[in-house]
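The values are calculated or read from the model by the stated rules, or taken from the named source; none is laboratory data. As the structure is a computational prediction, the values presented were derived from the model and not from experiment. Here the Cβ is made from the backbone with ideal geometry for all residues, glycine too, and neighbour counts use every protein chain on show. Accessible surface areas use protein heavy atoms only, side chains included; no ligands, DNA or RNA. Shrake-Rupley method; radii C 1.70, N 1.55, O 1.52, S 1.80 Å.
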Amino acid sequence: AADFTALNIQDLSLAPKRELFANMVYAMQPNAIAHVVIDGKPVFSKDGLLTVAEQDISSRVNRLFERWGGA
């Protein structure tokens, strides 16, 4: 089992490559993330979330705010 993130190092937010680590911390944009694997299972690719529908997340958040009186 492994956890890792694969980045597209060609993404402009990671340029110049000689400053790659600093750019990962201070400048990297979300579109530079190519893949995320948690516990050996792919959970995200450039196509989006793989394990849960984004609409489900949105619905859950909206229900929470309704219960908390925020909506």
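Tabulated data for the structure shown
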| quantity | calculated |
| --- | --- |
| Residues of the stretch 34-45 satisfying the condition of being out of contact with any strand residue (DSSP E or B) (no Cβ under 6 Å at 6 or more places or on another chain) and surrounded by 10 or more Cβ atoms within 10 Å (Cβ to Cβ) | Ile38, Lys41, Pro42 |
| Residues (within 16 Å of the chain's Cα centre (by Cα) and open to solvent by less than 50 Å² (accessible area, probe 1.4 Å)) located in the stretch 13-33 | Ser13, Leu14, Ala27, Ala32, Ile33 |
